[in-house]
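Okay, so here's the structure we're looking at.
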Amino acid sequence: MHAITKTVTWRRVGILLMLGYGLCIGTLACDSSQVSSPADTSASDTSTTKETHSSDTSCTPQCEGKTCGYDQCGGICGQCQNNEECNNGECQCVPTCENNACGDDGCGGTCEPCIHNGSVTITSNDDLMFIAKVTEITKDLVVNAPEVATLVLPKLKTVHGNLVIKNNTTLNLVSLPSLFNVGQALTLSNNPKLTEFEAPSLKILGQSFQLNANEQLQTIDLSSINGCTQFTVTDNPMLQSVTAPELSQVNGDMDFLRNDALQSIVIPNVSKLEFSLRIEENDVLQSALFSELDDVHGSISISYNNALSAFALPALTAVGETLWISDNNNLEAFDCPNLITVGNAFGVLSNDKLKALDLPKLQTTSKFNVAGNLSMKTLIAAQLTTVTGDLDLWDNAALESAQFTQLSVVDFNLLIEDNDVLLLSDESLPALTSVLGKLGVINNGDITQFSAPNLTTVGKDISVLQNEFLKTLQLHKLTELGGKLMVKNNNRLTDLMAPECTSIGDEFWVYNNDLLTEFHLPNVQNISGNVLLDRNHKMTAFGLPQLTSIGGNFQVGAVGGGNGSLVAFTLPSLNAVSGDLTIASNPQLPQCLVDALVVQIQEGTGIGGEASFCLDASNQTCPGSTNNSQCTCTESNDAVEATCP
């Protein structure tokens, strides 16, 4: 055995005891002469000599790369200074910060927390040096420093007020790696040379985030933020992406507007917006991810994003106000499979490449507007039951079919207009019972029929105009029409019927329908406005057998038109015309039948205006008749019959 021959200091004894070793290890021999007195410590206190103590010469101390700690042979590898501690074989400085906040910690750092009470305004690099050690600011931090090029605050963790970085003409980098909490708003605005902003630890933002008019900003790191009152990114022409993967709730608006280089928006976990979402005028935007967005209390507007080819809101169920998808020139697909209700208006407009629109769960909306989508072929809203405002389908040049299988009520107007190849069937509006405003079917190039088999009430006008291939207009259950019935310029219309209709609340026009031979309105009793039947060149007869009164003028035929084939009419109950009665320019209609009708009305309530049977070139009345005056009439069984040469 070998005895320890080197003096062991009292400090070293203390270290050994702390490590759990006695002074005499194994069979080592030791005595008091081998232990120095407590007063003899000066040399060993500062020594870093690697010393080992072993009971076995075959043990090899393990001290490579270590300046302190256990050597695996019952000894130690060295000692640390007074302000150090041993950590994994290395001596590390222990900061000393008692009563020294914001000062030197003895290890080359700053004592924390370093709290600045009040607001801070940085206007120069000198101010930046002052604030570099601060970890917490109790009020606002404002950076408005034209000469500052880089803003790096590695220790700043909390700003209780607003953080405003604005109008810094040379600032190119903002790095806030430790920033965790901003109590109010974070604003970066009008920093023309700023290229990078990073706050990767920012989690809590008490109010709004605003990123506006930073001309060269390309990247922004908000990887930890989880909520704010408003999120605004506008007019940053070089910004390429916005990513906030932890953002889950925004209690105000989210706006992404006029960012010319913005290609992607990734905010996958936001589930609720108290106000609105606007993504507008981002010319090269290719994707916008909002996969968990479920409820928007305000509006959604996705507009004028020319490179956007697909947009989806897969979790969205409710929009409190308006959902508007418009003027996205390359948008081919819009998917909103779980949408149930839109409080105000739903609109898909002027998306030139959008091919289809399927809303499988949408039940209610105030307005429904699908217009100007030049490539759209199909439109399906199978669960839509109620539209509390207008429903408009217009100017969809490729639209072939539209299905509203469950739609029963439109509280305002229903307009189907300028859809060149649209074909409607009995399955298009099978459940529709009432339109409380106007019903319009206008200028649809390929539509061959319009039928709403369960429609009973239209509150205002029905206008069926300029449908080149329309052949049948059938309103089998319509009982009440509050406004006009206008059937005009449908060149191939042959069938017009509303067999249950009892009243027309305003004017009734059947005008310039070249192939219409007759119409079928057997139960109409009252027409409150004017009646015009003109330029229906194949119409041979018309009948309104229950009609008793006309509230305005009654005109059959006119200058330059007339009904060239008309030979008869059936109006056995008509006894009142409040305005003028004009029946002229019907060259085959026996004048004697017209004369008999005049007598019939005059024997009733009468004609409120004048009766005339001739119109001159300026559409003014003239003597005589431009109807067929060559016929004679006889009465048989209360009916007048004409005989013509």
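The values are calculated or read from the model by the stated rules, or taken from the named source; none is laboratory data. Here the structure is a predicted model, which means the values were calculated and not measured. Note that each Cβ is placed from the backbone with ideal geometry, even for glycine, and that neighbours are counted across all protein chains shown. These area figures cover heavy atoms from the full protein model, side chains too; ligands, DNA and RNA do not enter into them. Shrake-Rupley method; radii C 1.70, N 1.55, O 1.52, S 1.80 Å.
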Report summary line: Taking first residues from the stretch 458-476 that are within 20 Å of V409 (Cα to Cα) and second residues anywhere that are of a type in the set (D, E), the pairs with Cβ under 6 Å that are 6 or more apart or on different chains are none
Query raised in the report: Residues in the stretch 565-578: is at least one open to solvent by 60 Å² or more (accessible area, probe 1.4 Å) and among the hydrophobic types (A, V, I, L, M, F, W, C)?
Result: yes
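Going through the stretch 579-606 one residue at a time, which ones are of a type in the set (A, V, I, L, M, F, W, C) and open to solvent by less than 40 Å² (accessible area, probe 1.4 Å)?
Initially, the stretch 579-606 is screened for residues of a type in the set (A, V, I, L, M, F, W, C), giving 581, 583-584, 589, 592-594, 596-599, 601.
Matches in the stretch 579-606: L581, I583, A584, L589, C592, L593, V594, A596, L597, V598, I601.
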Query - Residue in the stretch 115-151 that is farthest from the chain's Cα centre (by Cα), counting only those that are of a type in the set (D, E, K, R) and exposed (fewer than 15 other Cβ atoms within 10 Å of the Cβ) - result: D126
Query raised in the report: Considering the stretch 332-350 alone, what residues qualify as being open to solvent by less than 10 Å² (accessible area, probe 1.4 Å) and more than 14 Å from the chain's Cα centre (by Cα)?
Result: none
Query raised in the report: Inside the stretch 517-529, can you point out the residues that are open to solvent by 50 Å² or more (accessible area, probe 1.4 Å) and not hydroxyl-bearing (S, T, Y)?
Result: E518, H520, N523, Q525, N526
**Report entry** Hits in the stretch 246-275 (condition: aromatic (F, W, Y) and either assigned to a loop (DSSP other than H, G, I, E, B) or open to solvent by 70 Å² or more (accessible area, probe 1.4 Å) (or both))
**Finding:** F275
Query raised in the report: Do we find that G609 is in contact with an Asp or Glu (Cβ under 9 Å, 6 or more places away or on another chain), assigned to a loop (DSSP other than H, G, I, E, B) and either free of Cβ contacts under 8 Å to residues at least 24 places away in the same chain or open to solvent by less than 10 Å² (accessible area, probe 1.4 Å) (or both) in this structure?
Result: no
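Can you tell me which residue is most open to solvent (accessible area, probe 1.4 Å) among those in the stretch 612-645 that are in a loop (DSSP other than H, G, I, E, B) and of a type in the set (A, V, I, L, M, F, W, C)?
Checked the stretch 612-645; the qualifying residue most open to solvent (accessible area, probe 1.4 Å) is A617.
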Report summary line: Restricted to the stretch 58-80 and to residues being surrounded by 19 or more Cβ atoms within 10 Å (Cβ to Cβ) and touching a strand residue (DSSP E or B) at 6+ places or on another chain (Cβ under 6 Å), the residue farthest from C91 (Cα to Cα) is G69
**Report entry** Tally of residues being of a type outside the set (S, T, Y) and not in a helix (DSSP H, G or I) across the stretch 105-132
**Finding:** 16
Query raised in the report: Which of the residues belonging to the stretch 430-457 are open to solvent by 10 Å² or more (accessible area, probe 1.4 Å) and of a type in the set (A, V, I, L, M, F, W, C)?
Result: A431, L436, I442
Report summary line: Residue hits (the stretch 411-429; part of a loop (DSSP other than H, G, I, E, B) and either within 19 Å of L359 (Cα to Cα) or open to solvent by less than 30 Å² (accessible area, probe 1.4 Å) (or both)) are N419, L422, L424, E427, S428, L429
Requested in this report: Go through the stretch 248-263 residue by residue and tally those that are modelled with pLDDT under 95 and within 16 Å of L289 (Cβ to Cβ).
Outcome: 2
Query - Hits in the stretch 460-487 (condition: acidic (D, E) and in a loop (DSSP other than H, G, I, E, B)) - result: D461, E468
**Report entry** Cβ-Cβ under 9 Å pairs, at least 6 apart or on other chains, the stretch 335-348 side closer than 12 Å to G389 by Cα, far side at pLDDT 95 or above and of a type in the set (D, E)
**Finding:** V342/E321; G343/E321; N344/E321; A345/E321; A345/D390
Query raised in the report: Restricting the search to the stretch 133-160, which residues are part of a strand (DSSP E or B) and closer than 18 Å to F180 by Cβ?
Result: E136, I137, L141, L151, V152, T158, V159
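This table checks each residue for (1) in contact with a His (Cβ under 9 Å, 6 or more places away or on another chain); (2) closer than 25 Å to T517 by Cβ.
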residue	(1), (2)
K538	no, yes
P545	no, yes
Q555	no, yes
S565	yes, yes
A568	no, yes
G579	no, no
E603	no, no
D616	no, no
Query raised in the report: Is it true that D327 is closer than 26 Å to Q406 by Cα, surrounded by fewer than 19 Cβ atoms within 10 Å (Cβ to Cβ), acidic (D, E) and touching a strand residue (DSSP E or B) at 6+ places or on another chain (Cβ under 9 Å)?
Result: no
Requested in this report: Considering only residues that are among the small types (G, A, S) and either in contact (Cβ under 8 Å) with a residue 60 or more places away in the chain or open to solvent by 30 Å² or more (accessible area, probe 1.4 Å) (or both), look in the stretch 383-410 and name the one that is farthest from D426 (Cα to Cα).
Outcome: A397
Query raised in the report: Residues in the stretch 356-370: is at least one modelled with pLDDT of 95 or more, of a type in the set (K, R), surrounded by 16 or more Cβ atoms within 10 Å (Cβ to Cβ) and closer than 27 Å to Q449 by Cα?
Result: yes
Query - Residue ID - nearest to P113 (Cα to Cα), chosen from residues in the stretch 152-161 that are free of Cβ contacts under 8 Å to residues at least 40 places away in the same chain and within 35 Å of the chain's Cα centre (by Cα) - result: T158
